[in-house]
Amino acid sequence: MPDAKFSETRTAARLSVAPMMDWTDRHCRYLHRLLSSRTLLYTEMVTAPALVRGGAFHLLEYSPQEHPIALQLGGSDPSELALAAKMGAEAGYDEINLNCGCPSDRVQSGTFGAVLMREPERVAECVAAMREVVEAEVTVKCRIGVDEQDPQKVLPVFLEQIKTAGCERVTIHARMAWLQGLSPKENRDIPPLDYELVHQMKADFPDLHISINGGITSLVQAQEHLDAGLDGVMIGRAAYHQPTDILAGADPLIFGIGQIADPMDVVQKMLPYVEAHLAGGGRLHQITRHMLGLFAGRPGARGWRRMLSEGAVRENAGPEVILRALDSIVSNASVEQVV
Ligand SMILES: Cc1cc2nc3c(=O)[nH]c(=O)nc-3n(C[C@H](O)[C@H](O)[C@H](O)COP(=O)(O)O)c2cc1C
């Protein structure tokens with residue numbers, strides 16, 4: 001029986017923005033939250049050793065507006081992960097997620113990420129250790145297999161093990177990771193997607209809350225997966241590069257609440273956040289780099305990108321750079337109307 005206290009985060013997990021190193025930092029998440037009030041947002045991966053041995057508490061900082069928010073941890077040592085999970089839960093994260101899908105070299109060398117698909121027992125121990133010490137829900141993000149593994153065989157075994165250890169919600173990136181010979185970037189594109197297998201897993205594990213991830217580029221596609229019985233859809237690159245396309249309609253279309261967000265309003269709502277960041281000694285481009293795609297596919301998008309990316313790196317650049325770039329969108333939109 002699913003735990004009632006997790007129901008809000010589970011509802012949010014109908015749509016989530018994937019954890020992405022260097023991309024889904026707190027500024028990016030703040031922007032995404034203005035586009036959708038419900039979509040579940042993931043942090044970048046934070047390694048358990050960085051928290052537990054490195055004392056890198058700043059990696060846990062976020063704005064309260066970002067809820068519902070999940071902390072993704074990387075690691076493979078149950079007691080270290082348990083300590084890191086506890087730190088995350090104490091910081092107020094709604095969910096603690098274990099990364100079993102990331103193929104980067106650095107990550108492999110420390111037995112993190114996708115290589116853990118080979119060690120379901122160890123993953124189960126990690127899940128159990130984390131569950132033991134936190135109230136927040138413990139979840140897993142995984143691949144369908146790695147290297148020579150047969151996903152049809154290994155994925156059900158993996159899911160069974162983590163389920164037995166107390167993980168009730170999982171996100172499956174629907175492609176293998178080929179750890180030998182492909183870069184992390186290639187590993188997000190080259191191994192073929194197998195959506196059917198993920199749908200099959202939902203049929204085989206009806207009690208498990210399963211989200212699908214990989215190559216989904218529109219809300220229409222997301223809705224198709226939900227209609228076909230999956231519990232959630234996680235979107236990564238498309239949500240980052242075209243945040244308005246993916247997130248502005250998420251509240252009404254996926255969650256049945258609220259209105260479609262207007263990216264112009266979202267920019268205005270970012271201004272106080274930007275000002276606070278600058279007042280605290282931050283740089284404008286640290287925020288605006290995540291805003292470049294807000295008008296993707298809309299009139300004036302190119303000017304917006306150019307003005308933001310060139311203007312925001314200048315010394316003492318402030319909110320006026322954003323307002324000027326916004327003007328170029330407004331004038332383009334009115335030209336469009338006249339035509
Ligand atoms: C720049 C970048 C960084 C990523 N970092 C992480 C990460 O920290 N943890 C993780 O589990 N996956 C990471 N991923 C993988 C994404 O979470 C996601 O699984 C992948 O991009 C496939 O989804 P998509 O096709 O919707 O982008 C990253 C992807 C990108 C593009």
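Derivation of every value follows stated rules applied to the coordinates shown; laboratory data play no part. A quick note: this is a predicted structure, and the numbers were derived from the prediction, not measured. Note that each Cβ is placed from the backbone with ideal geometry, even for glycine, and that neighbours are counted across all protein chains shown.
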Sorted by mean Cβ packing within 10 Å, highest first, what order do the peptides 38-46, 155-163 take? 38-46, 155-163
Between the residues LEU294, PRO319, SER331, the Cα farthest towards the positive end of the dipole of segment 263-338, that dipole coming from +1 and -1 charges on the beta-carbon of Lys, Arg, Asp and Glu, is from LEU294
As I understand it, the dipole of the chain uses +1 on the Cβ of Lys and Arg and -1 on the Cβ of Asp and Glu, about the Cα centre. Which of GLY303, LEU31, GLY74 lies farthest toward its positive end? GLY303
Cα-centred dipole magnitude for segment 263-338, charges only on beta-carbon of K, R (+1) and D, E (-1), debye, nearest 20: 240
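So how do 242-255, 135-148, 55-68 stack up, highest first, on mean other-Cβ count within 10 Å? Could you put the intermediate results ahead of the total?
Working: 242-255: 20.9, 135-148: 22.4, 55-68: 13.7.
Most protected by this proxy first, the peptides run 135-148, 242-255, 55-68.
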For the chain, size of Cβ-based charge dipole, Lys and Arg +1, Asp and Glu -1, in debye: 760
If you check each cysteine of the chain for another cysteine whose beta-carbon is under 4.7 Å away, which ones come up empty? CYS28, CYS102, CYS126, CYS167
Return the whole-Å distance between the Cα centroid of segment 247-325 and the Cα centroid of segment 22-58. 18
On a 0 to 90 degree scale, rounded to 10, what angle separates helix 26-35 from the longest Cα axis of the chain? 70
Cα-based reach from LYS202 at 29 Å (exclusive), listing lysines while leaving out same-chain residues under 8 positions away: LYS5, LYS141, LYS153, LYS163, LYS185
Loop only by DSSP, 12 or fewer other Cβ within 10 Å of the Cβ. Give me the GluC sites (Glu not before Pro) in segment 249-339 that pass, ordered by residue number. GLU315
Which cross-chain or sequence-distant (5 or more) residues have an amide H under 5 Å from the amide H of GLU137, H modelled 1.01 Å from N in plane? ILE96
Using just the C-alpha positions of the chain as equal point scatterers, what log10 of I(q)/I(0) does the Debye formula give at each q in 0.07, 0.09, 0.11, 0.15 1/Å? -0.29, -0.48, -0.71, -1.25
Could you rank the peptides 185-192, 292-299 by their average count of other C-beta atoms within 10 Å per residue, with the highest value first? 292-299, 185-192
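What ranking of ARG305, ARG33 emerges when the number of other C-beta atoms within 10 Å of each C-beta is taken as an exposure proxy, fewest first? Numbers along the way, then the final one.
On the way: ARG305 18, ARG33 22.
Result, fewest neighbours first: ARG305, ARG33.
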Could you go through segment 71-83 in sequence order and give the Karplus-derived ³J(HN,Hα) for each residue, using 6.51 cos²θ - 1.76 cosθ + 1.60 with θ = phi - 60°, rounded to whole Hz, and x for Gly and Pro? 8, 9, 10, x, x, 8, 9, x, 6, 5, 4, 4, 5
Sorted by chain and then number, the residues having a modelled amide H within less than 5 Å of the amide H of LEU15, at least 5 places away or on another chain, are LEU40, VAL233
Skipping prolines and chain starts, which residues have an amide H placed within reach, meaning under 5 Å, of the one on ALA177, given they are 5 or more residues away or on another chain? ILE144, GLY145, VAL146, ASP147
Mean residue ellipticity (222 nm) of the chain, computed from DSSP H runs ≥ 4 via -39,500 (n - 2.57), nearest 500: -13000 deg cm²/dmol
